[in-house]
Amino acid sequence: MVRFGFGFMLLLSLITVACGRQVTPNPPGLGPGGTPPGYFAVFMNVAQPFNFTNYQYMIVLNTTGDRHTPSTDTYQTNWDGYSYEIVARGNGVSALAQAIQLVRSTQNPHIPPQPLPLGTTPQTFSFNLNASGTGTEFQVLAQKRIFVSPSPSPSPSSTPPSLWTFNAFVTQANSAGRWQFVDSMGAGGPTDPQFISPVLCMTEPFDNTYNARGFVPPDQAAEITSVEIANNPASPAPC
């Protein structure tokens, strides 16, 4: 589906209605998902309107190139695949999104990684809380380069891996540094790591939607239905 990135919308005189929302063709210079060159967009959808009083909504990215999927089975995997997260949180009155580097402990790999917020600006990272007009979809538009950060982890590189993987999670809000999973992309939701991420080639343009595997938590505001990821590399190249 073709959409504008939040913060980069243009007013056009002709607007058509499709898929339950108003959409327009991409203006010149914008790529898949309405993304400018060098950006990618993430759309996260849930079954009922977001409940930021009780939950946090996040997409965890593995940018190491090892193709491992971030899992809810964190104790056994030692938080394998947890490189960065895009997290949307709020207090029931307002909501915000952040880009965070996840720094895993070398002394005790079983404990949750330390969150290190990344330095972003409205030009490099923007958040649209209500992308669909129904309260069930948010959009984040991010410049890819902000996910290549200095030490401590991962190590900086002038040629970062181009193959990424991901998972989406809903966790309990205000969990005091602990991740209390409520749902994920997998069929078992918070407990069963059955989801295997597709491999995302971040040097190629794409716009793909990935459906969750159908777990239904007691509160449908915590039920992930799909994640859409659109990518528009500044200099497209095969992986």
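Read the figures in this text as sums done on the coordinates, not as results from a lab. Quick caveat: nothing in here was measured; it's all calculated off a predicted structure. So basically every Cβ, Gly included, is an ideal-geometry build from the backbone, and we count neighbours across all protein chains shown.
Calculated FRET efficiency, Thr191 and Thr121, Cβ-Cβ r, R0 25 Å, to nearest 0.05? Efficiency, rounded to the nearest 0.05: 0.05.
Here the stretch 16-232 was treated as a single set of alpha-carbon atoms; its pair distances binned every 10 Å from 0 give 8, 35, 39, 15, 2, 0 percent. For the stretch 68-89, backbone nitrogen atoms closer than 16 Å to the point 7 Å from His110 Cα along Cα-to-C-beta are found at 73-80.
Peptides 166-173, 213-220, 226-233 ordered by packing proxy, namely the average of other Cβ atoms within 10 Å per residue, highest first: 166-173, 226-233, 213-220.
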